[in-house]
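> The following block contains the structure, expressed as structure tokens.
Every number in this text was worked out from the coordinates using simple rules, so none of it is lab data. What you see is a predicted model, and the numbers here were worked out from it, not measured in a lab. Cβ atoms come from the backbone with ideal geometry, glycine included; neighbour counts cover every protein chain shown.
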Amino acid sequence: MPMVFHRKLPIPQEVKKEFPLSERMERVKAERDEEIKAVFEGRSDKFILVIGPCSADHKEPVLEYVSRLRRISELVSDKIIIIPRIYTNKPRTTGKGYKGMLHQPDPEAKPDMYKGIVAIRELHLEALRDYDFTCADEMLYPENYRYLSDLLSYVAIGARSVENQQHRLTASGIEVPVGMKNPTGGDLGVMMNSIVAAQSGHTFLYRGWEVTSDGNPCAHAILRGYVDYAGRNTSNYHYEDLIRVKELYEKSNLKNASVIVDTNHNNSGKQYLEQVRIAKDIVHSRNQNDDIKRLVKGLMIESYLEDGAQGVDEHVFGKSITDPCLGWEKTERLILDIAQKL
């Protein structure tokens, strides 16, 4: 059966006009962007935590989580920059399952892409308006990035997308740091090539336009582990792995050598409680080697209000309906412990 075209969606400019930022919000965004870029450019030694639910599912628990991050952020702001994960697109290996708020603003209702566009913009707007947080999202669909481009301070390219030409070229025209994950098979050469592409200028097709980009000097690596040839989870966050990435950066002549380490996914074998140990291990590695300290700019942690995960129909407030996450009590202790050890 061919594709069925239901309706033409509004362009990003129209949605931004309908749901705009205030002058104060624009100022906060600019200040946050500068603070975060300074870390990736080596002008600041603050540590970044990209932290939050595997996927944003309902507005109320996500904003409750963000409100708690705001309170703890004020305690550690001298050492840590917190960037909430508000991931509104969920990649699915087989295409089945919950695909995120963009598809389904109500996880138990049918997909509605227009309502999804409005819902994700309103969610990011409220995080900025009420809590002064510009957040992170995954760029699952490059053409949809512009719906949130004035709100995001960090963009991630997933392991399944990092080899895609359009993702790489779009990343080259984004004005905030973009993390390029190692692919699911673990080939670091693929990841490094994606960073080269994202840091370079291009002419390409985007949303029906011929566009040019100057390159994104803050494009960088995200290590998330991988699955080996035998189907086994294999981590790549250890001391030796970080030294290897440092050497790859040196050979590539890329700008602003930087790594964010994802403490979940294949690094933890999706054993979400392992994130606590892994995070502490990485901080320890940084403290043992100045090169690693300069290289590793922060961590990516999956965390929500409640430990673990649940089915879509279980309705536990603030519990993930996709990958299991650390609950708030463990998250709070971990953030404070990281700040103490930096």
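> Take every Cα-Cα distance within the range 219-339, group them into 10 Å bins from 0 onward, and report for each bin the whole-number percent of pairs it holds.
Percent of Cα pairs in each bin: 14, 39, 32, 13, 3, 0.
> Let me ask you something else. Taking a point 7 angstrom from the Cα of residue 14 along the C-beta vector, which residues in the range 132-165 have backbone N less than 19 Å away?
So the set is 143-150.
> Another question about this same structure. List the equivalent ellipsoid semi-axes of the range 12-341 in whole Å, largest first, each obtained as the square root of 5λ for an eigenvalue λ of the Cα gyration tensor.
Three semi-axes, in Å: 26, 24, 21.
> Separate question: Kindly rank 216-222, 40-46, 197-203 from highest to lowest mean number of other beta carbons found within 10 Å of each residue.
Ranked by mean Cβ neighbours within 10 Å, highest first: 216-222, 197-203, 40-46.
> If you add up the charges near residue 193, with Lys and Arg at +1 and Asp and Glu at -1, over every other residue whose beta carbon is less than 10 angstrom from its beta carbon, what do you get?
Charge balance in the 10 Å sphere: -1.
> Loop-only check: which GluC sites (Glu not before Pro) in the range 218-263 are DSSP coil with at most 10 other Cβ within 10 angstrom?
Listed in order of number, the matching sites amount to none.
> With a Förster radius of 22 Å, plug the Cβ-Cβ distance of residue 112 and residue 166 into 1/(1 + (r/R0)^6) and report the FRET value to the nearest 0.05.
Once the sixth-power term is evaluated, E becomes 0.35.
> Another question about this same structure. Take every DSSP beta bridge whose two residues both sit in the range 133-233, then give the antiparallel share in percent to the nearest 5.
So the antiparallel bridges amount to about 40 percent of the total.
> For a 22 Å ceiling on Cα separation, which of these pairs sit above it: 17/181; 59/181; 251/341; 37/181; 270/319?
Over 22 Å apart, Cα to Cα: 17/181; 59/181; 251/341.
> Counting other Cβ atoms within 10 Å, which chymotrypsin sites (Phe, Trp or Tyr not before Pro) in the range 222-291 have at most 12 and lie in a DSSP loop?
Loop-located and lightly packed - 229.
> Along its three principal axes, how long is the range 151-263 when you only count alpha carbons? Whole Å, largest extent first please.
Computed over the range 151-263, the largest-to-smallest principal extents equal 43, 28, 27 Å.
> On to the next question. Could you pull out which residues in the range 12-31 have an amide N less than 14 Å from a spot 7 Å beyond the Cα of residue 143, following the Cα-Cβ vector?
What the label zone holds, given the 14 Å backbone N cut-off, is 12.
> Another question, then. Sorting check: for 274-282, 81-89, 310-318, which peptide has the highest mean count of neighbouring beta carbons within 10 Å, and how do the rest follow?
My ranking of the peptides, most packed first, is 81-89, 274-282, 310-318.
> List the trypsin sites (Lys or Arg not before Pro) in the range 189-273 that DSSP assigns to loop (not H, G, I, E or B) and whose Cβ has at most 12 other Cβ atoms within 10 Å. Which are they?
Sparse-neighbourhood loop trypsin sites (Lys or Arg not before Pro): 232.
> So between residue 193 and residue 211, what do we pick up on full extension, going 0.36 nm a residue minus the alpha carbon distance?
4.3 nm
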